[in-house]
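The block underneath contains the structure these notes are about, expressed in structure tokens.
The values are calculated or read from the model by the stated rules, or taken from the named source; none is laboratory data. Fair warning: this is a prediction, and the values are worked out from it, not measured in the lab. Reconstructed Cβ throughout: ideal geometry from the backbone, glycine too, with neighbour counts over all protein chains shown.
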Amino acid sequence: MTAAVMDLVALATEPEGLLPARQQMALSLGWHIILACFGVAFPAMIFVMHLRGIRRDDPVALGLAQRWAKTSAVLFAIGAVSGTVLSFEMGLLWPGLMGTFGDVLGLPFAFEGLSFFVEAIFLGIYLYGWGRMPPRRHLLMVV
């Protein structure tokens, strides 16, 4: 038998809903990982621009940091929604996995939820603090 025939035989023996579940999970994970990359990179870029703006008294760099912070807030909100969808998908699409390994996977999900909560608080303070906080203290909110 050729490899293509073996793949078809393996596909035919899988449960009927497995392929759509895999496709849905792949689509959700694909979008979420893109948003997660922005969630990691944007705060670093915002910090560099904000620091440059403070050190060189550069209003363009500060304006760029402020604009990026607003963009980061939008991407954070979308990422939080897609992450919530992923956590529900784990339980709905893979109940056997979560039943077996739920005790192990639950703790990292809890830490991630706590991290998102803390990040949301500091992002909100950072956005609200423009022009209301001393520049150096405001810079610490993005760290």
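Considering each of PHE47, PHE76 in turn, give the residue that is more than 18 Å from PHE116 (Cβ to Cβ), among the aromatic types (Phe, Trp, Tyr) and assigned to a helix (DSSP H, G or I).
Numbers: PHE76 fails: more than 18 Å from PHE116 (Cβ to Cβ).
After ruling out the rest, the residue left standing is PHE47.
Okay, residues lined up against (1) surrounded by 14 or more Cβ atoms within 10 Å (Cβ to Cβ); (2) touching a Phe, Trp or Tyr at 6+ places or on another chain (Cβ under 9 Å):
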| position | (1), (2) |
| --- | --- |
| ARG67 | no, no |
| PHE88 | no, no |
| LEU105 | yes, no |
| ARG137 | no, no |
| VAL142 | yes, yes |
**Asked** Just a yes or no: is a residue in the range 63-75 modelled with pLDDT of 95 or more, more than 19 Å from TRP31 (Cα to Cα) and over 23 Å from the mean Cα position of the chain (by Cα)?
**Response** yes
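Quick check on GLY99: is it among the small types (Gly, Ala, Ser), loosely packed, with under 15 Cβ neighbours inside 10 Å and out of contact with any helix residue (DSSP H, G or I) (no Cβ under 8 Å at 6 or more places or on another chain)? Working first, answer last.
Working: among the small types (Gly, Ala, Ser): yes; loosely packed, with under 15 Cβ neighbours inside 10 Å: yes; out of contact with any helix residue (DSSP H, G or I) (no Cβ under 8 Å at 6 or more places or on another chain): yes.
It is true that GLY99 is among the small types (Gly, Ala, Ser), loosely packed, with under 15 Cβ neighbours inside 10 Å and out of contact with any helix residue (DSSP H, G or I) (no Cβ under 8 Å at 6 or more places or on another chain).
Would you pick out the residues in the range 124-143 that are hydrophobic (A, V, I, L, M, F, W, C) and over 13 Å from HIS50 (Cβ atoms)? Give the steps one after another, and end with the answer.
Here is the first cut: in the range 124-143, the residues hydrophobic (A, V, I, L, M, F, W, C) are 125, 127, 130, 133, 139-143.
Answer for the range 124-143, where residues must be hydrophobic (A, V, I, L, M, F, W, C) and over 13 Å from HIS50 (Cβ atoms): just ILE125.
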**Asked** Taking the condition touching a Phe, Trp or Tyr at 6+ places or on another chain (Cβ under 8 Å) and either surrounded by 11 or more Cβ atoms within 10 Å (Cβ to Cβ) or of a type in the set (S, T, N, Q) (or both), does ALA21 pass?
**Response** yes
**Prompt:** Could you say which residue among SER115, SER82 is at pLDDT 90 or above, of a type in the set (S, T, N, Q), touching a helix residue (DSSP H, G or I) at 6+ places or on another chain (Cβ under 6 Å) and in a helix (DSSP H, G or I)?
**Reply:** SER82
**Message:** What are the pairs with Cβ atoms under 7 angstrom where one residue, in the range 32-53, is modelled with pLDDT of 95 or more and the other, located anywhere, is among the charged types (D, E, K, R)? Sequence gap at least six, or different chains.
**Reply:** ARG52/ASP58
**Complete:** Listed by first then second residue, the pairs whose first member lies in the range 104-122 and is over 21 Å from GLY91 (Cα atoms) and touching a residue at least 12 places away in the same chain (Cβ under 8 Å), whose partner is aliphatic (A, V, I, L, M) and surrounded by 14 or more Cβ atoms within 10 Å (Cβ to Cβ), with beta carbons under 7 Å and at least 6 positions apart or on separate chains, are PHE122/MET141
